[in-house]
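Undergrad: Below you will find the structure I want to go over with you.
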Amino acid sequence: MTSQIERHDIAPGLYIFLQSNSKRWYARFSLHGKWYCKTTKEVDKDRATAMAHRIFIEYEIRSQTNTLTTSKRFKDVAEKAINVMKADLARGAGKAIFEDYIGVLEKYHIPFFDRTYITSIDSNKLRDFDIWREGKLKRQPARSTLMTHNAAMQMVFKEAIDSKWMLAVQVPALTTNGTTTVRRAAFTPSEYEKIQDHLYHMEESSRKEVTRHIRELTQDYAEFVIHTGMRPGTELDNLTWGDLHIERHDDKATFFITIRKGKTTLHTGTREVVCKRALQQTIWRMTERFPHRKATDLIFRLPGGSSTNEIGRTFNAAIKEIGLDNSPHGKRTLYSLRHSFITWELIAQKVTIDVLARQCGTSIEMIERHYSHVIPRMFSQQLSGVVIPDKKEIEKKWELQESVAKRWKERYIRWEANYNSGGCI
């Protein structure tokens, strides 16, 4: 156990001392009723005395110029920053990206920096962290990943500055020299059919009822992403039946979804997306499962009314089992369905890039940057001078017999009446 073995008073409220575990002298002093302890880094007592005076004067000046800080361990500052972000999210004032910041701080930064003082983090320490992170990731992080990690780190530095635990000039520079990701991993239409077939097989072979419900809900969730381009996560998880709107024109209907919470809504407000016609079969199936739905009920919930965080894991397990989790352009996940939607729309040449950007809640620049391999095909007709007939494969599924079309018209009328009276279809 460490103990004080020698002490010399220098002035009222200032003394130096030796500890049993070190040969260097420490200075301890009182300033405005608060005690501080700093190492003099000196072995000689006289030199340590002179350094103690110097440290005391330096702290007096910093106190008078309001630049005095008392450093904190990184873990303590990061946890406070996390609590602030969680509080902002709870009251609806935080950004959706805060969830990502919290995740990377808990998974990467806190385990590495832990009890390191926030003011001790410099370029050398950050280089050590870069090496450690690459080992944990087993690859060099992409530039987009580094930008997220750096933004999370800046939230911690901001909290430290606001709490006077460090000065702005003490914040080290953060770099984003990661790999540049251009092409996004997506699925082909045939691969997507295989995924849905396997999810259905998984549902049918479920041993537990709750597992069957989760796998069934995963199929619906995937259908919503692939037919709207919405972001899995916050955008879909917070959808209620009241956010799903219907516009009927005789025997045809169009569904719209109002996105109130997501990655971009804090800055751009709510946005409406159009559902592809193929999604109507999924909507009908879900309305049959939830006949007593209310406008405020979440769309993606289990029969008992509870939500689940197993959808992403269920989808990832499905694509891994059929060997579709890896691609030449990286790991594929539930989010790859959104990339698939954008890719398919670009190839189909149905809409312009600006319309697609508004539908997906992103920018034209982002689409041009990440889907540049697809965009030339949008202009294939103009570039080649050859008119390629539109096969309309999806539309063929909707060339229904008269009796089936009549049933759909009846559903549209019923849903429209429900929406007008109760606020949801």
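The values are calculated or read from the model by the stated rules, or taken from the named source; none is laboratory data. Keep in mind the model is a prediction, meaning the values are calculated, not measured. Here the Cβ positions follow ideal geometry from the backbone for every residue, glycine too, while neighbour counts run over all protein chains shown.
Undergrad: Looking at segment 50-63, is at least one residue in contact (Cβ under 8 Å) with a residue 12 or more places away in the chain, on the phi > 0 side of the Ramachandran plot and not assigned by TED's automatic domain parsing to the domain that holds ILE121?
TA: Within segment 50-63 (the criterion being in contact (Cβ under 8 Å) with a residue 12 or more places away in the chain, on the phi > 0 side of the Ramachandran plot and not assigned by TED's automatic domain parsing to the domain that holds ILE121), the answer is no, since none of the residues qualifies.
Undergrad: Given ALA27, ALA87, ALA52, which one is more than 16 Å from ALA151 (Cα to Cα) and surrounded by fewer than 16 Cβ atoms within 10 Å (Cβ to Cβ)?
TA: Testing whether each residue is more than 16 Å from ALA151 (Cα to Cα) and surrounded by fewer than 16 Cβ atoms within 10 Å (Cβ to Cβ) leaves just ALA87.
Undergrad: Tell me, please, whether a residue that is surrounded by 14 or more Cβ atoms within 10 Å (Cβ to Cβ), modelled with pLDDT under 75 and assigned to a helix (DSSP H, G or I) can be found in segment 383-403. Walk me through how you get there before you give the answer.
TA: At the first step, the residues of segment 383-403 found to be surrounded by 14 or more Cβ atoms within 10 Å (Cβ to Cβ) are 394, 398.
Now drop any that are not modelled with pLDDT under 75, which leaves 394, 398.
Keeping just the survivors that are assigned to a helix (DSSP H, G or I) gives 394.
Scanning segment 383-403 turns up at least one residue that is surrounded by 14 or more Cβ atoms within 10 Å (Cβ to Cβ), modelled with pLDDT under 75 and assigned to a helix (DSSP H, G or I).
Let's see how each residue does on (1) more than 30 Å from ALA142 (Cβ to Cβ); (2) surrounded by fewer than 19 Cβ atoms within 10 Å (Cβ to Cβ); (3) of a type in the set (Ser, Thr, Tyr):
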position: ARG277; (1), (2), (3): yes, yes, no
position: THR282; (1), (2), (3): yes, yes, yes
position: GLY312; (1), (2), (3): no, yes, no
position: ALA317; (1), (2), (3): no, yes, no
position: LEU324; (1), (2), (3): no, yes, no
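Undergrad: Taking MET1 and the conditions (1) under 30 Å from GLN154 (Cβ atoms); (2) assigned to a loop (DSSP other than H, G, I, E, B), which numbered condition does it fall short on, given that it satisfies the others?
TA: Exception for MET1: condition (1).
Undergrad: Can you pull out the residues in segment 156-169 that are crowded, with 19+ Cβ neighbours inside 10 Å and under 21 Å from the mean Cα position of the chain (by Cα)?
TA: Across segment 156-169, the qualifying residues are VAL156, PHE157, GLU159.
Undergrad: Taking strands (runs of 3 or more DSSP E) that fall entirely within segment 187-296, which contain at least 3 residues that are of a type in the set (A, V, I, L, M)?
TA: Of the strands (runs of 3 or more DSSP E) lying wholly inside segment 187-296, those with at least 3 residues that are of a type in the set (A, V, I, L, M) span 252-259.
Undergrad: Tell me the helices (runs of 4 or more DSSP H) entirely within segment 22-116 that contain at least 2 residues that are closer than 23 Å to GLN4 by Cα.
TA: Per the criteria, 45-64.
Undergrad: Quick check: anything in segment 112-133 within 21 Å of the chain's Cα centre (by Cα), of a type in the set (A, V, I, L, M) and in the same structural domain as TRP165 (by TED's automatic domain parsing)?
TA: no
Undergrad: OK, next. Conditions first: (1) hydrophobic (A, V, I, L, M, F, W, C); (2) free of Cβ contacts under 8 Å to residues at least 12 places away in the same chain; (3) within 29 Å of ILE322 (Cα to Cα). ILE161 passes all but one, so which condition is the exception?
TA: (3)
Undergrad: How many residues does segment 108-122 contain that are surrounded by 13 or more Cβ atoms within 10 Å (Cβ to Cβ) and not hydrophobic (A, V, I, L, M, F, W, C)? If you could, list the steps in order and put the result at the bottom.
TA: Filtering segment 108-122 down to residues surrounded by 13 or more Cβ atoms within 10 Å (Cβ to Cβ) leaves 108-110, 112-113, 116-121.
Retained after the next criterion (residues that are not hydrophobic (A, V, I, L, M, F, W, C)): 108-109, 116-117, 119-120.
Total meeting the criteria: 6.
Undergrad: Of the conditions (1) touching a residue at least 24 places away in the same chain (Cβ under 8 Å); (2) in contact with a Pro (Cβ under 9 Å, 6 or more places away or on another chain), LYS72 fails just one. Which one is it?
TA: Result: LYS72 fails condition (2) only.
Undergrad: Can you tell me which residue in segment 90-107 is surrounded by the fewest Cβ atoms within 10 Å (Cβ to Cβ), limited to those that are among the basic types (Lys, Arg) and farther than 16 Å from LEU146 by Cα?
TA: Out of the qualifying residues, it is ARG91.
Undergrad: When segment 28-85 is examined, which residues are found to be at pLDDT 85 or above, closer than 30 Å to VAL104 by Cβ and among the polar types (S, T, N, Q)?
TA: ASN83
Undergrad: OK, next. Are any of the residues in segment 131-138 surrounded by fewer than 18 Cβ atoms within 10 Å (Cβ to Cβ), without any contact (Cβ under 8 Å) to a residue 24 or more places away in the chain and at positive phi?
TA: Yes.
Undergrad: I'd like to verify a number: residues in segment 297-315 that are at negative phi and either among the acidic types (Asp, Glu) or touching a strand residue (DSSP E or B) at 6+ places or on another chain (Cβ under 9 Å) (or both), how many?
TA: Step one: list which residues in segment 297-315 are at negative phi, which gives 297-304, 306-315.
Remaining after also requiring either among the acidic types (Asp, Glu) or touching a strand residue (DSSP E or B) at 6+ places or on another chain (Cβ under 9 Å) (or both): 297-299, 307, 310.
Going through segment 297-315 one residue at a time, the tally reaches 5.
Undergrad: For segment 330-368, give me each residue that is within 20 Å of the chain's Cα centre (by Cα) and more than 26 Å from ARG260 (Cβ to Cβ).
TA: Listed by number, the residues that qualify are GLY330, LYS331, ARG332.
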